[in-house]
Amino acid sequence: MPEALLEVRELTKSFRVRRAASGREDVIAVDGVSFSVPVGGSVALVGESGSGKSTCARMIVGLERPSAGEIVVEGETWPAGHVSTRERRRRGGLVQMVFQDPYQSLDRRQCVRDTIEESLRLHAPTLGKAARSARADELIDQVGLDTRQAAALPRALSGGQRQRVAIARALAAEPRLLILDEAVAALDVSIQAQVLNLLADIRERTAVAFLFISHDLAVVRQVCDTAVVLHHGQVAETGQVEQILDAPQADYTRRLIASIPRAGWRPRRRIVAAVGD
């Protein structure tokens, strides 16, 4: 088996919420989830909205604190408590995340080049000005942007171009693992294909591993080797992507696959009876 870059062991997250009738109570969003990402591998977390996919991702990068369980990166267990700025920066050099909406995650006042150079200053402080500029040029070219787009603010770019900027910014840290949280969900189908091809090319050239968070099984088939199916915060099924999509074992996975619209599918219109009928 390939060496594990990331291991998630019995990861659990509960949130305390206020209920009108019963006061405060704990809601379990992630319940004992375990999986691993091999070095250079590509693993998908799959499930419908509310299945716990994004919560898992946010715990791995430190945006949420686990209630229980372990996160192990390159054999090192990452403590769940408060960490220093220096330690957070070190972890950011290993794991980076690309969010669904790049317009919310990018600084609207910074042009593309400044955004990427800022990440380089943070994660590669030994680079001189000329070397940093050259590396920024390399990253901009790697994600398929030109010099005009490099000088633009996020509002002047399309959704697909903004997502390319977010990917370039993440790659500036030279991470071992890139977490993509519904990174193509908001894009048109043709733009999705371009970004997915870009990701496949980046993975081939850099050997960075992917943890791909998605509800789109067609996307998962294109970019991932292994899939972990989540249902109500628990693992329903784990296996090779082709095995899970072509011969699913869990009832939930079969229902998830059956819900995908196919050629010739037409939505049913619900007929609402008039009042008094």
Subset of the range 152-177 that is part of a helix (DSSP H, G or I) and of a type in the set (D, E, K, R) - its residue that is farthest from A4 (Cα to Cα): R155
How many residues does the range 47-77 contain that are within 19 Å of the chain's Cα centre (by Cα), part of a loop (DSSP other than H, G, I, E, B) and at negative phi? 8
The range 57-84 residues that are more than 22 Å from Q234 (Cβ to Cβ), paired with ones that are modelled with pLDDT under 90 and surrounded by fewer than 15 Cβ atoms within 10 Å (Cβ to Cβ) (beta carbon under 7 Å, 6 or more apart): G62/R88
Check D246, D181, D216, D251 and return the single one that is surrounded by fewer than 19 Cβ atoms within 10 Å (Cβ to Cβ) and under 18 Å from Q100 (Cα atoms). D216
G40: touching a residue at least 40 places away in the same chain (Cβ under 8 Å), assigned to a strand (DSSP E or B) and either surrounded by fewer than 22 Cβ atoms within 10 Å (Cβ to Cβ) or touching a His at 6+ places or on another chain (Cβ under 6 Å) (or both), yes or no? no
Keeping to the range 80-92, report how many residues are touching a strand residue (DSSP E or B) at 6+ places or on another chain (Cβ under 9 Å) and outside any helix (DSSP H, G or I). 1
Residues satisfying the stated conditions in the range 146-171, i.e. charged (D, E, K, R), under 16 Å from the mean Cα position of the chain (by Cα) and over 17 Å from F212 (Cβ atoms): R162, R169
Under the condition of being in a loop (DSSP other than H, G, I, E, B) and crowded, with 18+ Cβ neighbours inside 10 Å, which residue from the range 119-145 is farthest from the chain's Cα centre (by Cα)? L145
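The values are calculated or read from the model by the stated rules, or taken from the named source; none is laboratory data. Every value quoted in this text rests on a predicted model; they were computed, and no experiment measured them. Cβ coordinates were reconstructed from backbone atoms using ideal geometry, including for glycine residues, and neighbour counts include every protein chain displayed.
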